[in-house]
Every structure is written in structure tokens, then in C-alpha cells.
Amino acid sequence: MIQCIVSDLSRVIVFPAEETAGSLNTLYRDRTSSGASFADVFTLNIPLLEVYRKLELPVIVFTSGISIPEDPYVKQQLSGIVDRIITAAEIGAAKDDAETYTKLADYLGYPAEAMLFIDDSPENCRAAGEAGLTAVVYTSVSDVSDALRSHQLSE
């Protein structure tokens, strides 16, 4: 039975306002250091955040970067929806390695099979699946909604 949701931040909850390749944390640092605000550079996936808000279980963001989660606007928008934000650096591992998700499960105190992982990277989802997490490759909010329904976590 799923006991918590683990969601990526970049390209799941946060999207660049203009399509770009590469790290969103690097984009954030580059643009905000020259005076741009978060809202000038990014949009939040409000429909997905509304799905997360309705869940009756913890939602944890697991991200590679540290810049975007520290933005005051992002903190405000995630408040009351996301229970915790954890970086890969915090647990000392890369997101494309199965051992990372074993460490994450131990760090959070959940059995791996009790965690539903949502990420836009097929490689990260493969690694999470190898560690025993249920993994969903994010392409749309309906993917997440379908996965939640299949586990009787939403209507």
C-alpha cells in the first residue's frame, strides 16, 4: 500500500516559461542573479499541485537542485501541499542510481514499496523501480491522476 508520494520538482512541478534544455536550477541562478523573479522565468504546475493538495498522505519533493526550492515564492506555493523537500545531495547520491532510492526510503522511514515516485526522467524512474518504488514517468497531470486512482489514492 502506498504511504507517501515522492515527486521531482523540475519539469514536474516547476517548468521554464520558455522551453529550454539543461538544468532548471542553473537557469534559475543565471536569471535571478540578473534581476529576474521566479515568475519571470518559471511557471508552477498548479493542476498537479491541486492533485497533491487533495491527497491524504505525505507529499515529498526529491530534487537534484537546491536553488529553486529555496525561492520564497516557491516555498510559499508549496506550503501546505508539500510536507518535505529533500535534495539528492542531502542523502549523498545521484537520482539515476537505484541505491539512491534505497537510501531515500531509509532516510524517510518508509518501505520502498510504500512509495510512489513521480519524475520526468525515465532513467530516474527506472532506478526507483529497481529499488522497489512504484515509479511514474511524468508527461501530464493525467498520468499522475491515473496512477493515484490505480492505487486507490484518489477518485
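The values are calculated or read from the model by the stated rules, or taken from the named source; none is laboratory data. Predicted model only: the values in this text are computed from it and were never measured. Ideal geometry is used to build each Cβ from the backbone, glycine not excepted, and the neighbour counts take in all protein chains shown.
Determine which single condition Lys103 fails, assuming it passes every other condition in (1) more than 16 Å from the chain's Cα centre (by Cα); (2) within 16 Å of Tyr52 (Cβ to Cβ).
Checking Lys103 against (1) more than 16 Å from the chain's Cα centre (by Cα); (2) within 16 Å of Tyr52 (Cβ to Cβ), the one that fails is (2).
Working carefully through the options Glu18, Glu50, find the one that is more than 16 Å from the chain's Cα centre (by Cα), on the phi < 0 side of the Ramachandran plot and not polar (S, T, N, Q).
Glu18
Sort out which residues of segment 140-155 are within 13 Å of Leu55 (Cβ to Cβ), surrounded by 13 or more Cβ atoms within 10 Å (Cβ to Cβ) and in contact with a helix residue (DSSP H, G or I) (Cβ under 9 Å, 6 or more places away or on another chain), and write them in order of number.
Selection gives Val144, Ser145, Leu148, Leu153, Ser154.
Looking at segment 24-40, which of the residues that are surrounded by 15 or more Cβ atoms within 10 Å (Cβ to Cβ) and not basic (Lys, Arg) is modelled with the lowest pLDDT?
Asn25
Any residue at all in segment 75-88 that's out of contact with any strand residue (DSSP E or B) (no Cβ under 8 Å at 6 or more places or on another chain) and either closer than 22 Å to Arg126 by Cα or buried (at least 17 other Cβ atoms within 10 Å of the Cβ) (or both)?
No, because not a single residue in segment 75-88 is out of contact with any strand residue (DSSP E or B) (no Cβ under 8 Å at 6 or more places or on another chain) and either closer than 22 Å to Arg126 by Cα or buried (at least 17 other Cβ atoms within 10 Å of the Cβ) (or both).
Tell me, yes or no, whether segment 68-85 has at least one residue that is within 16 Å of Ser7 (Cβ to Cβ), in contact (Cβ under 8 Å) with a residue 12 or more places away in the chain, of a type in the set (Ser, Thr, Tyr) and out of contact with any helix residue (DSSP H, G or I) (no Cβ under 6 Å at 6 or more places or on another chain).
no
Taking Pro111 and the conditions (1) surrounded by 17 or more Cβ atoms within 10 Å (Cβ to Cβ); (2) in contact with a Gly (Cβ under 9 Å, 6 or more places away or on another chain), which numbered condition does it fall short on, given that it satisfies the others?
(1)
Against the condition of a type in the set (Ser, Thr, Tyr) and not in a helix (DSSP H, G or I), how does Ser142 come out, does it pass?
Against the criterion (of a type in the set (Ser, Thr, Tyr) and not in a helix (DSSP H, G or I)), Ser142 does not qualify.
Could you please find all residues in segment 78-111 being in contact with a Lys or Arg (Cβ under 7 Å, 6 or more places away or on another chain), within 26 Å of Thr43 (Cβ to Cβ) and among the β-branched types (Val, Ile, Thr)?
The answer is Ile81, and nothing else.
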